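Since every read-out is calculated from the coordinates, none of them should be taken as a lab result. These numbers come from a predicted model, not from an experiment. When we count neighbours, we look across all protein chains shown, and the Cβ atoms used for this are built from the backbone with ideal geometry, even at glycine.
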Amino acid sequence: MSNQGAKLFGHPIHQMLIVFPLGLLATSVIFDLIGFGTGNGKWAEIAFWMIAAGVIGGLVAAVFGLIDWLAIPTGTRAKSVGLWHAVGNVVVLALFAVAWFMRQPAPDVLPRSSFAFSVVGVLLALVTGWLGGELVDRLGIGVDKGAHADSPNSLSGRPASEQARPQTHGGMSGYAR
């Protein structure tokens, strides 16, 4: 099976789309901070609509991410990293959706609990974004038909051309990262 996934004009659709929800959701937190600092509820209201657009955009990007993940060869390190990336991003979207619902029915009023959900969502998005970067930049998923889907973790200091070492832990198999 090829690891090419969904493409448009030769470029991965998921990678084209993900910048929008990621930017909207991260910027909503910045706008909330400005709202806290100025006491102006308009910033919270703008963040409210940014969260809505970001969650919808994230759901659209997730469809193409799933298509890409299904195209990754089974049993590879890339398949595992992709699963963690996907599950983490579902949690990110859920955190922001909860934050959005907590702002009902007054989007110009920001409950601190809603802001906390958003901050946790952004922090988790940093981790899942790194995992997505690992898939593309280190493992070449969606970039090259000859992607090395079992390259070691980029934090390992080992070259990407090296294959991750299969290992077992208590009867469970996996890959040395």
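Of all residues in segment 40-59 being touching a Pro at 6+ places or on another chain (Cβ under 6 Å) and among the small types (Gly, Ala, Ser), which is surrounded by the fewest Cβ atoms within 10 Å (Cβ to Cβ)?
So in segment 40-59, the residues touching a Pro at 6+ places or on another chain (Cβ under 6 Å) come out as 45, 48, 54, 57-58.
Next, from what is left, pick out any that are among the small types (Gly, Ala, Ser): 54, 57-58.
Values: 54: 27, 57: 20, 58: 24.
Here the residue is 57.
Only one of the numbered conditions (1) assigned to a helix (DSSP H, G or I); (2) out of contact with any Gly (no Cβ under 8 Å at 6 or more places or on another chain) is not met by residue 43, and that is (2). The set of residues in segment 112-139 that are under 30 Å from residue 161 (Cβ atoms) and either in a loop (DSSP other than H, G, I, E, B) or in contact with an Asp or Glu (Cβ under 9 Å, 6 or more places away or on another chain) (or both) comprises 135, 139. Only residues that are touching a residue at least 60 places away in the same chain (Cβ under 8 Å), out of contact with any Gly (no Cβ under 6 Å at 6 or more places or on another chain) and closer than 20 Å to residue 17 by Cβ were counted in segment 46-69, giving 1.
Looking at 109, 91, 81, 87, can you tell me which residue is closer than 18 Å to residue 28 by Cα and either in contact with a strand residue (DSSP E or B) (Cβ under 6 Å, 6 or more places away or on another chain) or in a helix (DSSP H, G or I) (or both)? Write out each step before concluding.
Working: 109 fails: either in contact with a strand residue (DSSP E or B) (Cβ under 6 Å, 6 or more places away or on another chain) or in a helix (DSSP H, G or I) (or both); 81 fails: closer than 18 Å to residue 28 by Cα; 87 fails: closer than 18 Å to residue 28 by Cα.
That would be 91, the only listed residue that is closer than 18 Å to residue 28 by Cα and either in contact with a strand residue (DSSP E or B) (Cβ under 6 Å, 6 or more places away or on another chain) or in a helix (DSSP H, G or I) (or both).
Filtered by the rule that a residue be within 17 Å of residue 24 (Cα to Cα) and free of Cβ contacts under 8 Å to residues at least 12 places away in the same chain, segment 117-136 gives 123, 126.
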